[in-house]
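The values are calculated or read from the model by the stated rules, or taken from the named source; none is laboratory data. Remember, predicted model here, so these are calculated numbers, not experimental data. Here the Cβ positions follow ideal geometry from the backbone for every residue, glycine too, while neighbour counts run over all protein chains shown. These area figures cover heavy atoms from the full protein model, side chains too; ligands, DNA and RNA do not enter into them. Shrake-Rupley method; radii C 1.70, N 1.55, O 1.52, S 1.80 Å.
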Amino acid sequence: MPLLFKKDGKTIPPELDIPGANSTFEWINGQFWLHSDDPKEKPIGIEIDKILDRHLDFFRKSSVQKELFARAIGIKGAFKPRVVDLTAGLLGDSLLFLAAGCAVTAVERNPLVSFLIESSLKNADHPLLEKFSFQGGEASDFLKSRPENDVIFFDPMFEDANHKSSPKKEMRIFRNLLAGDSDAENVLSLALGAGIKRVVVKRPRLSRELLDLKPVRMEGKSTRYDIYFP
Ligand SMILES: C[S@@+](CC[C@H](N)C(=O)[O-])C[C@H]1O[C@@H](n2cnc3c(N)ncnc32)[C@H](O)[C@@H]1O
């Protein structure tokens, strides 16, 4: 039985009462937060305005261009690509791209995660959000609309033998909730056929490539970006 926390007259929509999801939401500071399975841990919520301000502050002191993600998605001088993030999750990457100056469309298929995103968007007021849009649903459906963008970004939770399990709370909650994105290779194939000239896949550094297509690889300490030019 999922545990749905209701407070301050705020109720969780019945469609999120998903058997087996075992999720507990809590209403804190104007938006919903999601608890992990450990009652001692703080819940996670997406504090969009705070996150964007923190990134902007960082980019005032250090050039965006120096960042590996920026080179991976093709930011070059004044050119800031329009990005489709097919795997929004907790918006970590989307908000980074937005703060770096890109317009971002984010897509998320999991209804619980979409609910968190929508709740946090309603509670956000940052001027950068003018260049952000969110769509709940399947990446493959979104791609059928042939979106006009410069880059597709894809960060599935796709595991393989070299991927050591992450101790991070967010990842643990996600794993319990989402059980892995086993269709990742199929979605990547669709993305490569979507008529967009750059497709970037974020992977754990030591993991294998999703398709046997020899992408350009950019490696960081723990992350790797595989870049395809279809
Ligand atoms: C590893 S997480 C992404 C984390 C995100 N990049 C961040 O920084 O917070 C993967 C997310 O993508 C979503 N996802 C995976 N495959 C998808 C698909 N085909 N369509 C839409 N969402 C998808 C999952 O539900 C999950 O929330």
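So which residues in segment 17-32 are out of contact with any strand residue (DSSP E or B) (no Cβ under 8 Å at 6 or more places or on another chain) and modelled with pLDDT under 85, if there are any at all?
Let us first name the residues in segment 17-32 that are out of contact with any strand residue (DSSP E or B) (no Cβ under 8 Å at 6 or more places or on another chain), namely 17-22, 28-31.
Within segment 17-32, Asp17, Ile18, Pro19, Gly20, Ala21, Asn22 meet the criteria.
Looking at segment 161-176, can you tell me whether even one residue there is at pLDDT 95 or above and not in a loop (DSSP other than H, G, I, E, B)? Step through it out loud before you land on a result.
Narrowing segment 161-176 to residues at pLDDT 95 or above: none.
No.
Can you confirm whether segment 117-132 contains a residue that is within 14 Å of the ligand (Cβ to nearest atom), open to solvent by less than 20 Å² (accessible area, probe 1.4 Å) and touching a residue at least 24 places away in the same chain (Cβ under 8 Å)?
Checked segment 117-132: at least one residue is within 14 Å of the ligand (Cβ to nearest atom), open to solvent by less than 20 Å² (accessible area, probe 1.4 Å) and touching a residue at least 24 places away in the same chain (Cβ under 8 Å).
When both residues are 6+ apart or on different chains and their Cβ atoms are under 6 Å apart, which pairs have a first residue that lies in segment 103-115 and is more than 12 Å from Pro13 (Cα to Cα) and open to solvent by 10 Å² or more (accessible area, probe 1.4 Å), and a second that is more than 6 Å from the ligand (Cβ to nearest atom) and hydroxyl-bearing (Ser, Thr, Tyr)?
Note: pairs meeting the criteria are Thr105/Ser133; Glu108/Ser114.
Which condition number in (1) modelled with pLDDT of 95 or more; (2) more than 25 Å from Thr223 (Cα to Cα); (3) surrounded by fewer than 16 Cβ atoms within 10 Å (Cβ to Cβ) is the one that Phe79 fails?
Going through the list (1) modelled with pLDDT of 95 or more; (2) more than 25 Å from Thr223 (Cα to Cα); (3) surrounded by fewer than 16 Cβ atoms within 10 Å (Cβ to Cβ), Phe79 breaks only (2).
Given (1) open to solvent by less than 40 Å² (accessible area, probe 1.4 Å); (2) more than 16 Å from the ligand (Cβ to nearest atom), where does Ile48 come up short, assuming only one miss?
(2)
Anything in segment 190-230 that is closer than 20 Å to Ala70 by Cα, assigned to a loop (DSSP other than H, G, I, E, B) and over 20 Å from the mean Cα position of the chain (by Cα)? List them, or say none.
Lys197, Pro215, Phe229, Pro230
If the Cβ limit is 8 Å and pairs must be 6+ apart or interchain, which residue in segment 140-154 that is free of Cβ contacts under 8 Å to residues at least 24 places away in the same chain and open to solvent by less than 20 Å² (accessible area, probe 1.4 Å) pairs with which residue that is within 14 Å of the ligand (Cβ to nearest atom) and aliphatic (A, V, I, L, M)?
From residues that are free of Cβ contacts under 8 Å to residues at least 24 places away in the same chain and open to solvent by less than 20 Å² (accessible area, probe 1.4 Å), there are no pairs.
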